[in-house]
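To start, the structure itself, in structure tokens.
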Amino acid sequence: VVDGAENNPPSFVSSNHYEVSKYYTIDEHSAVPDVLLISTKYWEKLTEKERQWVEAAAAESSQAQKEYWRASVEASMKTAKEAGVEVIIPEKSLFAEKSKSVLEDFKKEYPEMTPLINQIKAE
């Protein structure tokens, strides 16, 4: 028996969880980055022109990926809602308040992380 699920919207739909799950909570507790990696060894074999091509293709494809992802999320959410799934979006400020002491302890233990934390909170 499945009453709920945890996944991004496209996976929630493509795995058919939406067919058996009555509830779907979007709490944004994680975000997995999509990255392009190239080894230094290989990169150094490329000509300057080839490096420019790779960089241009990466920049263009990353923008296209964001648009494809947005469209996929919208289509998946429509499918889930049409199937009767109740979508729940919790108030994140409540989580932030309850975990404030954990974050403060972390910043004390790892002060070098404070600028990154502040940057994330600002976005």
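The values are calculated or read from the model by the stated rules, or taken from the named source; none is laboratory data. Note that the structure is predicted; figures quoted are calculated from it, not measured. As a convention, Cβ positions derive from the backbone with ideal geometry for all residues, glycine included, and neighbour counts pool all protein chains shown. With ligands, DNA and RNA removed, areas are computed over all heavy atoms of the protein, side chains included. Shrake-Rupley method; radii C 1.70, N 1.55, O 1.52, S 1.80 Å.
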Seminar exercise, completed: Of the residues in the stretch 1-12 that are in contact (Cβ under 8 Å) with a residue 40 or more places away in the chain and in a helix (DSSP H, G or I), the one that is surrounded by the most Cβ atoms within 10 Å (Cβ to Cβ) is Phe12
Exercise. Looking only at residues in the stretch 94-123 that are outside any helix (DSSP H, G or I) and under 19 Å from His29 (Cβ atoms), which one is modelled with the highest pLDDT?
Worked result: Ser99
For this session: Specify which of the listed residues (Glu44, Glu50, Glu28, Glu86) is touching a Lys or Arg at 6+ places or on another chain (Cβ under 8 Å) and surrounded by fewer than 12 Cβ atoms within 10 Å (Cβ to Cβ).
Result: Glu28
For this session: Could you please tell me which pairs satisfy a Cβ distance under 9 Å, a separation of 6+ or placement on different chains, a first residue in the stretch 90-109 that is within 20 Å of Ala122 (Cβ to Cβ), and a second residue that is open to solvent by 70 Å² or more (accessible area, probe 1.4 Å)?
Result: Lys92/Glu28; Phe95/His29; Ala96/Lys121
Exercise. Of the residues Ala56, Ala75, which is surrounded by 12 or more Cβ atoms within 10 Å (Cβ to Cβ) and either more than 27 Å from Phe95 (Cβ to Cβ) or of a type in the set (Ser, Thr, Tyr) (or both)?
Worked result: Ala75
Problem set entry | Any pair with Cβ under 9 angstrom, 6 or more apart, that starts in the stretch 25-40 at a residue that is at pLDDT below 85 and of a type outside the set (Lys, Arg) and ends at one that is surrounded by 10 or more Cβ atoms within 10 Å (Cβ to Cβ) and not in a loop (DSSP other than H, G, I, E, B) | Glu28/Lys92; His29/Phe95; Asp34/Ser62; Asp34/Gln65; Asp34/Trp69
Exercise. Is it the case that some residue within the stretch 13-22 is of a type in the set (Ser, Thr, Tyr), in contact with an Asp or Glu (Cβ under 9 Å, 6 or more places away or on another chain), surrounded by 10 or more Cβ atoms within 10 Å (Cβ to Cβ) and not in a loop (DSSP other than H, G, I, E, B)?
Worked result: no
Problem set entry | Number of positions in the stretch 96-123 that are in contact with a helix residue (DSSP H, G or I) (Cβ under 6 Å, 6 or more places away or on another chain) and either of a type in the set (D, E, K, R) or open to solvent by 100 Å² or more (accessible area, probe 1.4 Å) (or both) | 1
Exercise. Are any of the residues in the stretch 60-69 surrounded by 11 or more Cβ atoms within 10 Å (Cβ to Cβ), in a helix (DSSP H, G or I) and of a type in the set (A, V, I, L, M, F, W, C)?
Worked result: yes
